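Notes for the one structure printed next.
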Amino acid sequence: MTDAIASSDTRVDTLANGVRVVAIALPHLESASVSVFVRAGSGHEARRQSGISHFVEHMAFKGTATRSCQRINLDAEQLGADVNAHTDKDHTAFHMRGMARDAGAFVRMLGDIVLNGTFPEAELERERQVMVQEYAEDEEDPLSTAFKLFDKLCFGSHPLALPVIGLRGNIGRITRDDLLAWTRDRYVGANIVVGVAGRIEADGIAAAVHDAFGALRAGDAAVVPAPAHLGGTGSRAVAGLGQTHIVYGLPIPSLGDEAHHAYVVAAALFGEGMSSPLLDEIRERRGLAYHVSCSADVTELAGQFVIEASTAPEHAEEFLVEMKRLLEAQAGHVDAVALERARNLIAVRRLRAWENASRRVEDAALDLLALGRVRSRAEIAARIESVGAADVREAFARMLAARPAVAIAGRLKKGVPERARELFAAG
């Protein structure tokens, strides 16, 4: 074991093979959250592989060299533990949560699931049908349709444009050998972080991770070049719907660029909370949308300032015009009260995450994968507090100089896509 790094309640160790262990001591809890994060998501896939990370996530629980699918479930449930997993664009993660006394057992169980999956053929064919149904459900979700179109407009042929769920043809085509090859190449020490938070003892956790993951080969870190933001406007009519769904986005700095904090504040100021310009004007004063939100989505490879809304078709054009006007106004003036409100909203949101063991683990693991270190709460708070009105105005000005991506899906009123192209033809 190498490089033990301690900071307040968080300790990071690195095994000789590159596996990193983050142990977060939360002695006030009786429970523990254990997760294994793998740098293998849809953003690492070629088009012919699209969906394989998600397929592995499903199949990992279907049997290992020593345990059947049924035994995996029973072993967890005998300890009263929750078991889950998820796939995203930049990672796949496997989770267990239960009594703190069983944290070491959870590490060993997850190690078995993550590293020793056999992907039995019979289970694979059954799960393939489950995934086909999941794909169909996703295709019928109009907001998901808008987001998939949005990703294509943003990233073009870059892997980040591909959907996490994968392409329909690939779900029917991926084989057991494909899954084994993917995990052999990607599930290596350089790409894995094991995170544990709760009433734990760091030395014991590090030892459990060493036992479960220490024999894994080091391998190479999965590297994907950063995408260029393309932008543009696209639309897709979806029959049988009564609403128009809009996703609008602009490029912002990635996680490794400290400048991204100003854009996080800008998003909170513009569209977080009912008194934000976006919700106050669009929803409260004008009634143009039932659902409207704004976020700064910041990851290792890219950042996006995203506004999403669901509106009546007859209000879609007015919504787009008003949204553009509100954005442009922020580049000219940022109110001091609004800035304070935004900082405090972020502070409380981060406090809630800090008090949630599972979120602590996820935030720390993603920091390690993207930055190679875990940012402290004080560091992030200081960065947010240092963002001034001029920084926010500049952030809006820089964003608005770029060509936005505007995806419109659902019921489309005649002329709305053309009007959107006219409004957002250039930055």
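Only one of the listed residues (A389, A331) is in contact with a Phe, Trp or Tyr (Cβ under 8 Å, 6 or more places away or on another chain) and either surrounded by fewer than 16 Cβ atoms within 10 Å (Cβ to Cβ) or closer than 30 Å to A425 by Cα (or both). That residue is A331.
Pairing residues of segment 377-388 that are in the same structural domain as D257 (by TED's automatic domain parsing) and under 17 Å from D367 (Cα atoms) with residues that are at pLDDT below 95 and part of a loop (DSSP other than H, G, I, E, B), at Cβ distances under 9 Å and at least 6 apart in sequence or on separate chains, gives R377/S8; A378/S8.
Are there any helices (runs of 4 or more DSSP H) wholly within segment 347-401 with 1 or more residues that are closer than 30 Å to L423 by Cβ, and if so which? Answer list for segment 347-401: 389-400. I200 satisfies every condition listed in (1) outside the structural domain of R375 (by TED's automatic domain parsing); (2) assigned to a helix (DSSP H, G or I); (3) over 30 Å from V416 (Cβ atoms) except (2). Applying the criterion of at least 3 residues that are in contact with a Pro (Cβ under 6 Å, 6 or more places away or on another chain), farther than 23 Å from D88 by Cβ and at pLDDT 95 or above to the strands (runs of 3 or more DSSP E) found wholly in segment 232-312 leaves an empty list. Of all the listed residues (I72, I24), the sole one being in contact with a helix residue (DSSP H, G or I) (Cβ under 9 Å, 6 or more places away or on another chain), of a type in the set (V, I, T), touching a residue at least 12 places away in the same chain (Cβ under 8 Å) and farther than 22 Å from N191 by Cβ is I72. For segment 132-147, taking the residues that are without any contact (Cβ under 8 Å) to a residue 24 or more places away in the chain and over 30 Å from G117 (Cα atoms), the one that is surrounded by the most Cβ atoms within 10 Å (Cβ to Cβ) is identified as S144. Restricting segment 163-177 to residues that are in a helix (DSSP H, G or I) and of a type outside the set (V, I, T) leaves a set whose member that is surrounded by the fewest Cβ atoms within 10 Å (Cβ to Cβ) is D177. For P227, the requirement of being touching a residue at least 24 places away in the same chain (Cβ under 8 Å), of a type outside the set (D, E, K, R) and farther than 24 Å from L143 by Cα is not met. Residues considered: L180, L160. Of these, the only one that is within 17 Å of the chain's Cα centre (by Cα) and either crowded, with 20+ Cβ neighbours inside 10 Å or of a type in the set (A, V, I, L, M) (or both) is L160.
When L345, L368, L351 are checked against the criterion of being aliphatic (A, V, I, L, M), surrounded by fewer than 14 Cβ atoms within 10 Å (Cβ to Cβ) and either under 23 Å from the mean Cα position of the chain (by Cα) or within 30 Å of L26 (Cβ to Cβ) (or both), L351 stands alone in meeting it. Across segment 390-417, which residue is farthest from V306 (Cα to Cα) among those that are charged (D, E, K, R) and out of contact with any strand residue (DSSP E or B) (no Cβ under 9 Å at 6 or more places or on another chain)? Applying the filter and picking the extreme gives K414.
The values are calculated or read from the model by the stated rules, or taken from the named source; none is laboratory data. All figures in this text were calculated on a predicted structure; none of them were measured in a lab. With ideal geometry, Cβ positions are generated from the backbone for all residues, glycine too; neighbour counts draw on all protein chains shown.
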